[in-house]
Amino acid sequence: MPIPPEVTGEEIDPDVRQELMSLPKGLAEDVSRNLVMVAQLIDEDPEKAYGYSRVALRLASRVAAVREAAGFAAYATQKYSEALAEFRAARRMSGGVELWPVMADCERGLGRPERALAMAGEPEVQKLDKAGQVEMRLVAAGARRDMGQLDAAIVTLQSPELASGVVHPWTARLRYAYADALLAAGREQEARDWFGKALEADKDGATDASDRLAELDGIEFVDAFDDSDEDSDDDSGEETDGGGDVELDREDRDKG
């Protein structure tokens with residue numbers, strides 16, 4: 001697969017570069033450049049990222065970082081069986097536990113939520129850092145929802161990390177998952193509050209909390225160039241300002 005000439009391989013994470021030092025120099029450079037392409041494309045074009053990961057895997061299948069990258073590329077394209085196999089291989093090579101939550105999520109993707117829950121109770125979870133433990137909690141809650149255990153999913157997400165006012169990189173996603181579970185349980189006002197809290201913590205736009213809030217508030221964004229609106233304006237003789245209108249349709253949510 002073609003790689004832009006400006007991609008040198010030097011962009012790779014230093015820890016990964018260290019792993020690749022076991023390879024001949026030219027081969028290490030080729031692998032590095034393919035891994036850079038995986039990292040650059042995995043969000044915007046996961047299928048292309050997957051293609052580059054397969055090239056890297058063909059070149060250096062005995063490097064843990066390569067197996068891990070191949071796992072994430074397969075995971076991004078919903079090839080969960082393949083992803084799980086690559087993550088297991090990477091874990092055997094590195095001896096680390098960092099991949100435990102995403103391995104459990106692969107079990108969910110394969111329709112085996114009970115296995116994901118079993119993994120949430122394994123000793124490996126205690127070896128995870130705080131971010132990993134939160135990720136494992138999110139996976140476990142998702143598994144509960146897969147099994148129709150909505151109340152248990154809500155309880156699973158209730159934790160000191162959820163209650164904390166300190167914002168971490170995972171805070172927005174944790175609050176969002178909790179809000180979504182509450183909404184699924186019909187606890188709409190609580191869900192709205194937590195979507196708001198998720199939005200406050202979501203500095204990078206990792207969630208669509210703002211859209212979910214707008215939906216709950218009955219806010220509908222109307223196309224400024226809608227022909228029916230234009231005809232209506234012409235009939236009434238009123239001038240428009242040319243800007244996008246926002247139509248508010250707020251239902252009375254007081255229950256008593």
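The values are calculated or read from the model by the stated rules, or taken from the named source; none is laboratory data. Here the structure is a predicted model, which means the values were calculated and not measured. In this analysis, Cβ positions are derived from the backbone assuming ideal geometry, glycine residues included, and neighbour counts consider all displayed protein chains. All accessible areas refer to the heavy atoms of the entire protein, side chains included, with ligands and DNA or RNA removed. Shrake-Rupley method; radii C 1.70, N 1.55, O 1.52, S 1.80 Å.
For this structure, a couple of remarks:
- Among the residues here, VAL16 does not qualify as in a helix (DSSP H, G or I), at pLDDT 95 or above and of a type in the set (Val, Ile, Thr).
- Candidates ALA73, ALA118, ALA89, filtered to the one that is among the small types (Gly, Ala, Ser) and within 27 Å of THR156 (Cβ to Cβ): ALA118
Yes/no per residue for (1) in contact (Cβ under 8 Å) with a residue 24 or more places away in the chain; (2) over 25 Å from GLU114 (Cβ atoms):
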{"site": "ASP146", "(1), (2)": "yes, no"}
{"site": "VAL155", "(1), (2)": "no, no"}
{"site": "TYR176", "(1), (2)": "yes, no"}
{"site": "ALA191", "(1), (2)": "yes, yes"}
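- Members of the stretch 6-22 found to be buried (at least 16 other Cβ atoms within 10 Å of the Cβ) and under 11 Å from ALA65 (Cβ atoms), listed by number: ILE12, VAL16, ARG17, GLU19, LEU20
- Hey, GLU44 open to solvent by 60 Å² or more (accessible area, probe 1.4 Å), part of a loop (DSSP other than H, G, I, E, B), under 21 Å from SER22 (Cβ atoms) and not aliphatic (A, V, I, L, M) or not: no
- Of the criteria (1) assigned to a helix (DSSP H, G or I); (2) open to solvent by 50 Å² or more (accessible area, probe 1.4 Å); (3) in contact (Cβ under 8 Å) with a residue 12 or more places away in the chain, which one SER53 fails: (2)
- When restricted to residues that are touching a residue at least 24 places away in the same chain (Cβ under 8 Å) and under 16 Å from VAL139 (Cβ atoms), the stretch 92-106 contains 9.
- For the stretch 56-72, a residue qualifies if it is assigned to a helix (DSSP H, G or I) and within 21 Å of GLN18 (Cβ to Cβ), and the qualifying residues are ALA56, LEU57, LEU59, ALA64, ALA65, VAL66, ARG67, GLU68, ALA69, ALA70, GLY71, PHE72.
- Selection of first residues in the stretch 109-122 that are under 22 Å from LYS79 (Cβ atoms) and of second residues that are surrounded by fewer than 13 Cβ atoms within 10 Å (Cβ to Cβ), restricted to Cβ pairs under 9 Å at least 6 apart or on distinct chains, gives the following pairs, ordered by first then second residue: GLY109/GLN78; GLY109/SER81; LEU110/SER81.
- Looking across ALA49, ALA69, ALA85, ALA116, one residue alone is within 29 Å of THR207 (Cα to Cα), among the small types (Gly, Ala, Ser) and in contact with a Lys or Arg (Cβ under 6 Å, 6 or more places away or on another chain). It is ALA116.
- Qualifying helices (runs of 4 or more DSSP H) (wholly inside the stretch 74-138; at least 2 residues being open to solvent by 70 Å² or more (accessible area, probe 1.4 Å)): 80-94, 113-120
- Residue that is most open to solvent (accessible area, probe 1.4 Å) [pool: residues in the stretch 159-213 that are of a type in the set (Ser, Thr, Tyr) and in contact with a Phe, Trp or Tyr (Cβ under 9 Å, 6 or more places away or on another chain)]: SER210
- Checking ALA65 against (1) touching an Asp or Glu at 6+ places or on another chain (Cβ under 6 Å); (2) open to solvent by less than 10 Å² (accessible area, probe 1.4 Å), the condition it does not meet: (2)
- Taking the criterion of being over 12 Å from ARG175 (Cβ atoms) and modelled with pLDDT of 95 or more, no residue of the stretch 193-207 qualifies.
Listed here are the residues, each with its yes/no results for (1) among the basic types (Lys, Arg); (2) in a helix (DSSP H, G or I).
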site: HIS168; (1), (2): no, no
site: ARG175; (1), (2): yes, yes
site: TYR178; (1), (2): no, yes
site: GLY186; (1), (2): no, no
site: GLY196; (1), (2): no, yes
